[in-house]
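To keep things clear, I will list the structure first and then write my remarks on it.
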Amino acid sequence: MATGGLKSILAKVVTEGVTEARARIFGHVLNPTGQRSPHKLLRKKLIGDKVAEWYPHDIVKDDPLVMARGEQERLSKLEMLKRRGKGPPKKGQGKQAAKRKKK
């Protein structure tokens, strides 16, 4: 019986030693207790720069002609709404101003 116990103890020690050596050789993190660890997440490369490189620059913000055209479209739409009577009210004549005047 003592030899069986001794063999199992020796086998356990040898496997622990092999596991530690393997971890050192291959750069693994040894986790004998099996607790959760953030090591797997921290080992990954950060992808923010790659994602930012993939998308081109925003032409709307960079090109003044595109910005001017967008502003012109906005103004023409606003003018069309005003002609129909659906535009924004003048300052001091909206809902909140009307409520304040009633009080």
Considering amide H positions built from the backbone, and no H for Pro or chain starts, which residues 5 or more places from GLY87, or on another chain, come under 5 Å of its amide H? LYS82
Taking all pairs of different Cα atoms in the chain, averaging 1/r and flipping that mean, what Kirkwood radius in angstroms comes out? 22.5 Å
Hey, what do the phi angles of segment 28-40 turn into as Karplus ³J(HN,Hα) couplings, whole Hz, using 6.51/-1.76/1.60 and θ = phi - 60°, x for Gly and Pro? 7, 9, 7, 9, x, 7, x, 6, 5, 9, x, 4, 5
Hey, what's the chain come to in accessible area per residue, 1.4 Å probe, Å²? 104 Å²
Using the basic label-point model (7 angstrom from Cα toward the beta carbon), what is the VAL14 to VAL60 distance in nanometres? 6.9 nm
Before rounding to the nearest 500, sum -39500 (n - 2.57) across all DSSP H runs of length at least 4 in the chain and divide by the residue total; then give [θ] at 222 nm in deg cm²/dmol. -21000 deg cm²/dmol
Candidate lysines for bridging to LYS77, where Cα separation is under 26 Å - those fewer than 8 sequence places away on the same chain excluded: LYS61, LYS86, LYS90, LYS91, LYS95
What is segment 32-90 by shape, rounded, prolate or oblate, if you read a ≥ b ≥ c off the alpha carbon gyration tensor as root eigenvalues and call it rounded for a/c under 1.5, prolate for a/b larger than b/c, and oblate otherwise? oblate
Percent of accessible area on segment 13-70 owned by carbon and sulfur, 1.4 Å probe? 62 percent
Name the shape class, rounded, prolate or oblate, that the alpha-carbon gyration tensor gives for segment 1-43, where a ≥ b ≥ c are the square roots of its eigenvalues, rounded holds for a/c under 1.5, and otherwise prolate holds if a/b is larger than b/c and oblate otherwise. oblate
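The values are calculated or read from the model by the stated rules, or taken from the named source; none is laboratory data. The model shown is predicted, which means the values in this text are computed figures rather than measured ones. No Cβ is skipped: glycine too gets one built from the backbone with ideal geometry, and neighbour counts run over all protein chains shown. These accessible areas exclude ligands, DNA and RNA; they are computed on the full protein's heavy atoms, side chains included. Shrake-Rupley method; radii C 1.70, N 1.55, O 1.52, S 1.80 Å.
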